[in-house]
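J.: Okay, here's the structure, questions in a sec.
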Amino acid sequence: MTAPSAGVRSPLGAVQPRNPISRERFERIAGRSVSAFGLVFGLQTLPSALGQLPSVKEPWGAIVVIVVFAGLAIIPVLAIVQHFVKIAMGALSVIFLLAIITWPLLALDPDALGQKPWVWFLCSVFTAFAAVAFPLWLATAYTFITPIAYGFIRALPSGGGVGAEIAGLDALYAIILGGVILVIIAMLRQAASAVDTAQSQALAKYANAVRQHATEVERVQVDAIVHDSVLTTLLSAASARTPDAKELAARMASDAIGHLHAAEASSPEDQSLVGLDRLSDRITTAAAAFSSPFDLEVHDLEVHTLPVNVAEAVYSATVQAMVNSMQHAGGGDVRRALSIRGGSPQATVHIVVTDTGRGFEARDVPAERLGLRVSIRERLSKVGGYARIDSAPGEGTTVTILWPSSDVDPEFAPDVDAEVTP
């Protein structure tokens, strides 16, 4: 028999992605980036606005300057604390548009304004604000309306009277720059929304798979308990004729009730760990309850642990192997042994149940018998374990239980599966 190797495990050092993209995270980054962009351009424009202040009506010109630039200074703070960012950007964008539209009413001396009113330098800032704060259709409208309004004002004497050609070029430049910003933000927002949708669908599928798996685990567990404990107990009780047999049936009934209570209270997702020494105590206690004694050999248990579901599977498979020996190996002249080892070269848990009884031939066991396949092999396989049964007529039986293990022994394919209990 080739020694099974340890089961394949996920690499503990695998690096998981940190802070994956999401719509919420994108909105947070966009708000902070655009607000910082606005603050930088605002600081560059402030000297020009203050220089043109004597050429606009008082106090409205000063009020517009204070509101616009104070807003540009406050929005980065709001973006950092993540409160009212879109509301502030949207409100300030509307104020800026009103400032452009009412500019002819504010300007007193167009010749003193220079080549461009200071509002020109902030067009791209507020189209970016609109792209963050408004829905796509409204942001698109703002991206066209604001530069066009500015171009119209630039053609008027209050805006410099530069003529339709230069005013149109200024407006076109502002539209192109604002459009690029809008397209970038819209594409990234759409990509982040698509990631959110994919993640939600994946989580929904995973949750459904977990529920189905939990249901299947519970069904298999209940089926195994019914076969291993309840059915075996009923058969033992029905055939009990001697006091020892009746006492064994009573103990098996008590053990079956305990299994059912444990199955009711346990969770398939329970990933807590138990010590191998505690599992060994449970197995040796069960072995002591049989009328025919088992020679015990236990060592190297203290430093080893295993998951609760694995411990339950190993315990049930071991007890089933001992029950099989008691029921089918023979009478009092049969010697039985139980070996429990931890940290062997083959696996973390290495249990061997042997007897010198009558043994059996695998090909002679009816296919409808489920004991070894369901109660031992499949149960261990579901938790990453392995069981080998060696037996021959007149030579006894040896059941070897290993965990973890990824080996598959072709000797125990379904067509030659050796079963000895119902």
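J.: Pairs only if they're at least six apart or on different chains, beta carbon under 9 angstrom, first in the range 81-97 and in contact (Cβ under 8 Å) with a residue 24 or more places away in the chain, second not in a helix (DSSP H, G or I); list them, first residue then second.
T.: Qualifying pairs under 9 Å: LYS86/PHE134; MET89/PHE134; GLY90/PHE134; SER93/PHE134.
J.: Which condition does LEU235 not pass, out of (1) modelled with pLDDT of 80 or more; (2) of a type in the set (A, V, I, L, M, F, W, C); (3) under 23 Å from ALA288 (Cβ atoms), if it passes all the others?
T.: If we test LEU235 against (1) modelled with pLDDT of 80 or more; (2) of a type in the set (A, V, I, L, M, F, W, C); (3) under 23 Å from ALA288 (Cβ atoms), just (1) comes out false.
J.: Answer yes if at least one residue in the range 387-395 is farther than 30 Å from GLY275 by Cβ, at pLDDT 70 or above and either within 41 Å of the chain's Cα centre (by Cα) or outside any loop (DSSP other than H, G, I, E, B) (or both), and no otherwise.
T.: Yes.
J.: Out of ILE175, ILE153, ILE166, ILE145, I need the residue that is under 19 Å from PHE37 (Cα atoms) and either assigned to a helix (DSSP H, G or I) or not assigned by TED's automatic domain parsing to the domain that holds ARG28 (or both). Which one?
T.: Exactly one residue qualifies, and that residue is ILE175.
J.: State the number of residues belonging to the range 102-133 that are farther than 19 Å from ILE176 by Cβ and either within 41 Å of the chain's Cα centre (by Cα) or at pLDDT 90 or above (or both).
T.: Here the count works out to 1.
J.: Name every residue in the range 279-300 that is over 24 Å from ASN324 (Cβ atoms) and of a type outside the set (Asp, Glu), in order of residue number.
T.: Correct list: HIS299 only.
J.: Find all pairs meeting these conditions: Cβ atoms under 9 angstrom apart; at least six residues apart or on different chains; first residue within the range 178-204 and in contact (Cβ under 8 Å) with a residue 24 or more places away in the chain; second residue acidic (Asp, Glu).
T.: Cβ pairs passing all conditions: ARG189/GLU27; ALA192/GLU24; ALA192/GLU27; ASP196/GLU24.
J.: Also, I was wondering about something else. Do we have any residue at all in the range 313-327 that's free of Cβ contacts under 8 Å to residues at least 40 places away in the same chain, farther than 16 Å from LEU276 by Cβ and touching a strand residue (DSSP E or B) at 6+ places or on another chain (Cβ under 7 Å)?
T.: Looking for residues that are free of Cβ contacts under 8 Å to residues at least 40 places away in the same chain, farther than 16 Å from LEU276 by Cβ and touching a strand residue (DSSP E or B) at 6+ places or on another chain (Cβ under 7 Å), one finds at least one in the range 313-327, hence yes.
J.: Do any residues in the range 47-64 that are over 14 Å from THR102 (Cα atoms) have Cβ atoms under 6 Å from those of residues that are among the hydrophobic types (A, V, I, L, M, F, W, C), where the two are at least six apart or on different chains, and which pairs are they?
T.: These pairs meet every condition: SER48/TRP118; ALA49/VAL65; ALA49/TRP118; GLN52/LEU113; GLN52/TRP118; SER55/LEU108; SER55/ALA112; SER55/LEU113.
J.: Related question: Would you check if PHE129 is touching a Ser or Thr at 6+ places or on another chain (Cβ under 7 Å) and either among the basic types (Lys, Arg) or surrounded by fewer than 23 Cβ atoms within 10 Å (Cβ to Cβ) (or both)?
T.: no
J.: Does the range 71-86 hold any residues that are farther than 17 Å from VAL125 by Cβ and part of a helix (DSSP H, G or I), and which are they?
T.: Once the filter is applied, which keeps residues that are farther than 17 Å from VAL125 by Cβ and part of a helix (DSSP H, G or I), the range 71-86 yields ILE80, VAL81.
J.: Ok, one more. Which count do you get for residues in the range 306-326 that are surrounded by fewer than 17 Cβ atoms within 10 Å (Cβ to Cβ) and either over 20 Å from GLY385 (Cα atoms) or not hydrophobic (A, V, I, L, M, F, W, C) (or both)?
T.: Count: 1.
The values are calculated or read from the model by the stated rules, or taken from the named source; none is laboratory data. From a predicted model like this one, the values you see are computed outputs, not experimental measurements. Using ideal geometry, Cβ is built from the backbone for each residue, glycine included, and neighbour counts are taken over all protein chains shown.
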